[in-house]
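Q: Here it is: the structure, laid out below.
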There are 2 protein chains.
Amino acid sequence: MLNKIKYMLVGSPLPNRMLEDKQLNKIRALAAFSPDALSSVAYANQEIYLGLVVAGASGLSLQLPIAGAIILLLAIVALSYAQTIRGYPSGGGSYVVARENLGTIPGLIAGGALLLDYILTAAVSLTAGVAAISSAFPGLWPYRVWLALFLLVLITLLNLRGLKESGTIMSIPIYLFILCYAVMIFYGLYRAVVQGAPAPLSSLAPAAVEPLSLLLIMHAFSAGCTALTGIEAISNGIPSFKTPQWKNARTTLGIMALLMGFLFAGSIGLTQYLGVIAAQQETILSALARTLFGSGPIYYLIQFSTLAVLAVAANTSFAGFPRVTAILAKDKFMPRQLFNLGDRLVFQNGIILLSGLTAALIILFNGDSHALIPLFAVGAFSAFTLSQAGMVIHWYRLKEKGWLIKALINGLGALVTFVALMVIGISKFFEGAWISTLVIPGFVFLFLKIRQHYQAVSKQLSMSGLPPSLRPLPKPRIIIPVSGVHRGVVEAVNFSRSISDSVTAVFIDIDPGPDEEELRRRWNAWFPDVKFVVVPSPYRSIVEPLLTYLDYTDSLNNDGQQAILVLPELIPASPTQEILHNQSADQIKKALLFQRRVNGFQRIIIDVPYHLQ
Amino acid sequence: MLNKIKYMLVGSPLPNRMLEDKQLNKIRALAAFSPDALSSVAYANQEIYLGLVVAGASGLSLQLPIAGAIILLLAIVALSYAQTIRGYPSGGGSYVVARENLGTIPGLIAGGALLLDYILTAAVSLTAGVAAISSAFPGLWPYRVWLALFLLVLITLLNLRGLKESGTIMSIPIYLFILCYAVMIFYGLYRAVVQGAPAPLSSLAPAAVEPLSLLLIMHAFSAGCTALTGIEAISNGIPSFKTPQWKNARTTLGIMALLMGFLFAGSIGLTQYLGVIAAQQETILSALARTLFGSGPIYYLIQFSTLAVLAVAANTSFAGFPRVTAILAKDKFMPRQLFNLGDRLVFQNGIILLSGLTAALIILFNGDSHALIPLFAVGAFSAFTLSQAGMVIHWYRLKEKGWLIKALINGLGALVTFVALMVIGISKFFEGAWISTLVIPGFVFLFLKIRQHYQAVSKQLSMSGLPPSLRPLPKPRIIIPVSGVHRGVVEAVNFSRSISDSVTAVFIDIDPGPDEEELRRRWNAWFPDVKFVVVPSPYRSIVEPLLTYLDYTDSLNNDGQQAILVLPELIPASPTQEILHNQSADQIKKALLFQRRVNGFQRIIIDVPYHLQ
């Protein structure tokens, strides 16, 4: 029944051979991996504008230069990752690259940083999407946490169904978004060329309330850097691409970077050239769209596509996070279940884990994306820096043809992302970046602890040290606790007799009286070859006298073996009927759980169930 | 650890031989069984007064006559039960007497009616006690449900400790109550004799607002009848008395009835003779005490003793209810656990059940005793009538010396309690008595269903029909699912080899590759006499391919036996480490729970745990 509900929601299980079929072509891959990166245009623009507008016209005239710096950064990072994809065609996330080239700890830092970033991306995208929807319909605001959680469940289910399905549905918002923005930017460029700038920026901008300081510029730049988060999803997700995997992945990365640069430069350039100023309570992109198209249907379509792309941006995390956890699990830094492919050929445990952590963040931060944003970007830029530094070492070690150029590109990437990381870390430290600087080492500690556990287990399970030829154990002695002579014990007794010649039935007598002799007579009539022992229980407990008796017989037979317990268990036809029975078998099993043998083995209990109708 | 907390709260377990010591002398027995009956003076008086005062002086002049009728009823019922105690010295509650003499259904009606009455007694006493306390301290009123539940937990724990302890502590309020009221009544009588009546009642009573009708008198009488609930607790509790049990029980019943009659007649007689009229928001007993002693310390002591006795009146239910459920459980009409004597030689499950049901009533009725009172008394009087009608048949059957007198006394008892039942049922039907007329048949239905289940089980467990000499099963075939060659499987394999020559290890292969051959080589090196089978799992499930394989091998070996599953199970050192392991063993066990064999037996699973450190 539960399975039916599950199949209805996520589809029926798929065999291994369909793994190939489940892989993504470039169109679907772009839809799966790019929404985070592309949708960040929606808030990065806004953050830069808000950071600069306080310095008036001189501030706003820096919009395009800062955007240029970020696009340069984007180009370097994208180029860097293109090299990584080539160098690590089986999936080269920051974790893999940093670990292989820099060592375990840097690798784990990169891995932990990425995981944090994926969780934050999911939480921020969902809450920002819901916030955007509820700016249009303010009545929804009190339900924002529920709405975000509802969207989260929806995205989780789609991802549990599998990549292809989620790729198809997720394609619609992202391509609508790209189309709308491309139309807007080309129309804006046409207007700019035909009509020219409406007026100098200084005549339109509000008066400065703060001088243009270095810190102000750094802050605006840091805020804009959030645009780059999510860019590395593709290099983690190479195995999801159709073959040739690395080529398709690299092409998709290139297309994504170009689209990002185009959307970012186009929108911010138009904003500055046209001197667009946002009204109170309006986003700068909304102001740009309104300037170009007025408040007609095209404006609303653009707004809607923005909301939709934000809502699906969380999906990038669902494409990336489970892959990182699977790689970490394969290396025994995370629970091994995260490496199991589920029924639908996806890392379902990773999806569920991400979903749970995202839900926790949404609830903890009460559905407020503004409180979450400062935590952002620290993780991504830590991962960028470590991964690109790792690539430098990679090329240096290989020393293949043209390695110096490649090492220089990655070295430049490492340098600029490190500088950006410092700028972000310093300018946003007290706003929330400090949380990230605590959480990432926490993750690393956890990874190491888990690995340590698996190593300890593997040592305990190792066959080394065992004698080369293992002898079977001697024939077991068997003890069967019985509550009387009835059909419920027949199978248990017969089974015991089939595996051993030393079988003893034990009757725990909680109410001494003349009935025992009658019971013994009946027992001997039915099972003459099975010894029948009555153990008195003056305190009316079933469990303790039985345990005492077991220890006693073990001490009599000093063969070093414990007697085996065969438990005849009556199973009622329905759980409600369980309250009508004593469940002594359950009590005995629980009590024995706490009795361990020194060598790691425990008394063997054989449950012989007898089902009632 | 849990056991330590338990021992601290209820004391350490007691052996069977202390059963004799745990039994009650008459002083403690009176304290255990009488608070319900005696404390009812506190509200029965009040209900009669309120019922009659609306008819003015002519109404109030009927107080003593109605009290007289109720005392007559009390005398008949007490006499009747004294005969029952003699006739059923091993515990003759209404259920036993009605069932033996009238048949199963009347017996169950009596049993169900009594159980309902005990639950209501506990709930009404506790809420009435709390209501009384919070009339003195109105700030407590919002917390009445919590207070009532707190008292309930306290009483439950005392009763779980055992009768003697609860007898000792419960003795204090009841004897204080008896002492205070005896002093008050004797002092009142002295005043009445010395000073005479202060003035004719007609000059003191408020004007009539209603004519004195038959219904009004019936209603006042019904309300007063609540005084009789709880009187039968002693006849159920004979086994708790010291030997000679029936004599001690009968003496205690006599003393209780005399005390009740004295308190009831004395207080109501003084009220009428002295023309006491209660002020608004005051009980008639409070008015009587104030008239006699003024508002000094003696008045407050009397009030406090009233509250205390109400609070412990619930204890009567705890003495009676578990005994009735134990008798019903012995006859298989209730779950058999209710017949098990607990660690402290009390029917702990009955105590816990009563506690739970009482808590449910308190919460459901929001701690309001007035809403509960109309449900009351229907149960008690149904039980009285059935039990006494049963006694008539009992004497008629025995026909021992003087049986006719005995039969006449019980017949009279049956008749008057039946008339009282009709009066109560009719006059209170719409106020709540209808609930009782639904619940009692509900109980009877449940009793019959439970009995039916036990009979079905007993039939299924019967050895009749089995061949007289049972043959042991053939040697079992054994299948061991293994995840590799490691120490965790060693004990499982060795154990299997010690009980069977046909052992097969099965490896479920979820990720086909070249590793299988290496695994097979290692397996054969360590366990050359154990067959090693690789079962592919294209859907990556461990459970389903294993089940399929089991069915397949069973079909190959048509010996009519199922292969036995030996499960090597890794047990992590702590529950938090469980999330780091796959728990395949748990999954297999769960899946096989749903696979049943037609004849009631199930595939045998042998768990061989290996504990990790």
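The values are calculated or read from the model by the stated rules, or taken from the named source; none is laboratory data. Small disclaimer: the values here were computed from a predicted structure and weren't measured. Heads up, the Cβs are rebuilt from the backbone with ideal geometry, glycines too, and the neighbour counts pull from every protein chain shown.
Q: Does A:S436 meet the test of being free of Cβ contacts under 8 Å to residues at least 60 places away in the same chain and in contact with a Leu (Cβ under 7 Å, 6 or more places away or on another chain)? Break it down stepwise before answering.
A: Working: free of Cβ contacts under 8 Å to residues at least 60 places away in the same chain: no; in contact with a Leu (Cβ under 7 Å, 6 or more places away or on another chain): yes.
In short, no.
Q: When both residues are 6+ apart or on different chains and their Cβ atoms are under 7 Å apart, which pairs have a first residue that lies in region A:58-81 and is without any contact (Cβ under 8 Å) to a residue 40 or more places away in the chain, and a second that is part of a helix (DSSP H, G or I)?
A: Correct list of pairs: empty, since none qualify.
Q: Could you say which residue among B:S171, B:S125, B:S222 is of a type in the set (S, T, Y), surrounded by 21 or more Cβ atoms within 10 Å (Cβ to Cβ) and touching a Lys or Arg at 6+ places or on another chain (Cβ under 7 Å)?
A: Numbers: B:S171 fails: surrounded by 21 or more Cβ atoms within 10 Å (Cβ to Cβ); B:S125 fails: touching a Lys or Arg at 6+ places or on another chain (Cβ under 7 Å).
Unique residue meeting the criteria: B:S222.
Q: Under the condition of being surrounded by fewer than 21 Cβ atoms within 10 Å (Cβ to Cβ), touching a residue at least 40 places away in the same chain (Cβ under 8 Å) and polar (S, T, N, Q), which residue from region A:249-280 is farthest from A:V183 (Cα to Cα)?
A: Let us first name the residues in region A:249-280 that are surrounded by fewer than 21 Cβ atoms within 10 Å (Cβ to Cβ), namely A:251, A:254-255, A:258-259, A:261-262, A:265-266, A:269, A:272-273, A:275, A:277-280.
Imposing the further condition that a residue be touching a residue at least 40 places away in the same chain (Cβ under 8 Å) reduces the set to A:251, A:254-255, A:259, A:261-262, A:265-266, A:269, A:272-273, A:275, A:277-278.
Adding the requirement that they be polar (S, T, N, Q) leaves A:251, A:272.
Values: A:T251: 24, A:Q272: 18 Å.
Result: A:T251.
Q: Oh, and also: Return a yes/no flag: does region A:552-561 have any residue that is within 11 Å of chain B (Cβ to nearest Cβ) and touching a residue at least 12 places away in the same chain (Cβ under 8 Å).
A: Checked against the condition, which is being within 11 Å of chain B (Cβ to nearest Cβ) and touching a residue at least 12 places away in the same chain (Cβ under 8 Å), region A:552-561 yields at least one hit.
Q: Shifting gears a bit: Would you please list the contacts, defined by Cβ atoms under 7 Å and residues six or more apart or on different chains, that run from a residue in region B:170-183 that is assigned by TED's automatic domain parsing to the domain that holds B:L285 to a residue that is among the small types (G, A, S) and not in a helix (DSSP H, G or I)?
A: B:I174/B:S34
Q: Still on this structure, I have one more. For region B:530-544, name all the residues that are of a type in the set (A, V, I, L, M) and either closer than 26 Å to A:K475 by Cα or at the interface with another protein chain (Cβ under 8 Å from one of its Cβ atoms) (or both).
A: Within region B:530-544, the first condition is being of a type in the set (A, V, I, L, M), and the residues that meet it are B:530, B:533-535, B:542-543.
Result: B:V530, B:V533.
Q: For the subset of region B:548-595 comprising residues that are within 21 Å of B:S500 (Cα to Cα) and of a type in the set (A, V, I, L, M, F, W, C), which member is surrounded by the fewest Cβ atoms within 10 Å (Cβ to Cβ)? Can you show your working first?
A: Residues of region B:548-595 within 21 Å of B:S500 (Cα to Cα): B:549-569.
Subsequent filtering for residues that are of a type in the set (A, V, I, L, M, F, W, C) retains B:550, B:556, B:563-567.
Working: B:L550: 21, B:L556: 9, B:A563: 21, B:I564: 25, B:L565: 22, B:V566: 28, B:L567: 20.
Checked region B:548-595; the qualifying residue surrounded by the fewest Cβ atoms within 10 Å (Cβ to Cβ) is B:L556.
To keep it simple, each residue is scored yes or no on (1) assigned to a helix (DSSP H, G or I); (2) in contact with a Ser or Thr (Cβ under 6 Å, 6 or more places away or on another chain); (3) not hydrophobic (A, V, I, L, M, F, W, C).
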position	(1), (2), (3)
B:L140	yes, yes, no
B:F150	yes, no, no
B:S171	yes, no, yes
B:Y181	yes, no, yes
B:M184	yes, no, no
B:E210	no, no, yes
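Q: Can you name the number of the only condition in (1) touching a helix residue (DSSP H, G or I) at 6+ places or on another chain (Cβ under 8 Å); (2) not in a helix (DSSP H, G or I) that B:I435 fails?
A: (2)
Q: Here is a list: B:L157, B:L216, B:L228. Which entry is on the phi < 0 side of the Ramachandran plot, of a type in the set (A, V, I, L, M, F, W, C) and more than 32 Å from the chain's Cα centre (by Cα)? Working first, answer last.
A: On the way: B:L157 fails: more than 32 Å from the chain's Cα centre (by Cα); B:L228 fails: more than 32 Å from the chain's Cα centre (by Cα).
It is B:L216.
Q: Same structure again: For residues that are assigned to a helix (DSSP H, G or I) and crowded, with 22+ Cβ neighbours inside 10 Å, tally how many sit in region B:359-371. Before the answer, list the steps.
A: As a first pass, look at region B:359-371 and keep what is assigned to a helix (DSSP H, G or I): B:359-364, B:369-371.
After this cut, where a residue has to be crowded, with 22+ Cβ neighbours inside 10 Å as well, the list is B:362, B:369.
The qualifying residues number 2.
Q: Residues of region B:500-529 being closer than 25 Å to B:H611 by Cα, of a type in the set (A, V, I, L, M) and within 10 Å of another protein chain (Cβ to nearest Cβ), which ones?
A: Passing the criteria: B:V503, B:A525.
Q: Out of curiosity, is A:K406 of a type in the set (D, E, K, R) and without any contact (Cβ under 8 Å) to a residue 40 or more places away in the chain?
A: The answer is no for A:K406.
Q: Can you find even one residue in region B:111-125 that is under 26 Å from B:L270 (Cβ atoms) and assigned by TED's automatic domain parsing to the domain that holds B:A359? Spell out how you get there, then give the answer.
A: Narrowing region B:111-125 to residues under 26 Å from B:L270 (Cβ atoms): B:124-125.
With the extra rule that they be assigned by TED's automatic domain parsing to the domain that holds B:A359, the set shrinks to B:124-125.
Yes, that holds for at least one residue.
Q: Residue by residue through region A:468-482, note down the ones that are at pLDDT below 90 and out of contact with any Ser or Thr (no Cβ under 7 Å at 6 or more places or on another chain).
A: Across region A:468-482, the qualifying residues are A:P468, A:S469, A:L470, A:R471.
Q: So which of A:L361, A:L408 ends up being at pLDDT 90 or above and closer than 23 Å to A:L115 by Cα?
A: Values: A:L408 fails: closer than 23 Å to A:L115 by Cα.
When all the criteria are applied, what remains is A:L361.
Per-residue answers, yes or no, for (1) farther than 22 Å from B:T229 by Cβ; (2) within 14 Å of chain A (Cβ to nearest Cβ):
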position	(1), (2)
B:I327	no, no
B:F333	yes, yes
B:Q337	yes, yes
B:R344	yes, yes
B:I362	no, no
B:R397	yes, no
B:K406	yes, no
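Q: Looking only at region B:473-499, filter to residues that are facing chain A (nearest Cβ under 7 Å) and of a type in the set (G, A, S); which one of those is surrounded by the most Cβ atoms within 10 Å (Cβ to Cβ)? Lay out the reasoning, then the answer.
A: As a first pass, look at region B:473-499 and keep what is facing chain A (nearest Cβ under 7 Å): B:473-476, B:485-488, B:490-491, B:494-495, B:497-499.
Remaining after also requiring of a type in the set (G, A, S): B:488, B:498.
Details: B:G488: 23, B:S498: 18.
Among residues in region B:473-499 that are facing chain A (nearest Cβ under 7 Å) and of a type in the set (G, A, S), the one surrounded by the most Cβ atoms within 10 Å (Cβ to Cβ) is B:G488.
Q: Pairs needed: first member in region A:507-531, assigned by TED's automatic domain parsing to the domain that holds A:P545; second member anywhere, among the acidic types (D, E) and outside any strand (DSSP E or B); C-beta distance under 9 Å; at least 6 residues apart or different chains.
A: A:F507/A:E516; A:D509/A:D515; A:D509/A:E516; A:D529/A:D501
Q: Only residues that are aliphatic (A, V, I, L, M), within 23 Å of A:V490 (Cβ to Cβ) and assigned to a helix (DSSP H, G or I): list them for region A:528-585, please. Break it down into steps so the answer makes sense when it comes.
A: Taking region A:528-585 and keeping what is aliphatic (A, V, I, L, M), we get A:530, A:533-535, A:542-543, A:546-547, A:550, A:556, A:563-567, A:570-571, A:573, A:579-580, A:585.
Filter once more, so that each one left must be within 23 Å of A:V490 (Cβ to Cβ): A:530, A:533-535, A:542, A:546, A:550, A:563-567, A:570-571, A:573, A:580, A:585.
Hits for region A:528-585 are A:L546, A:L550, A:L580, A:A585.
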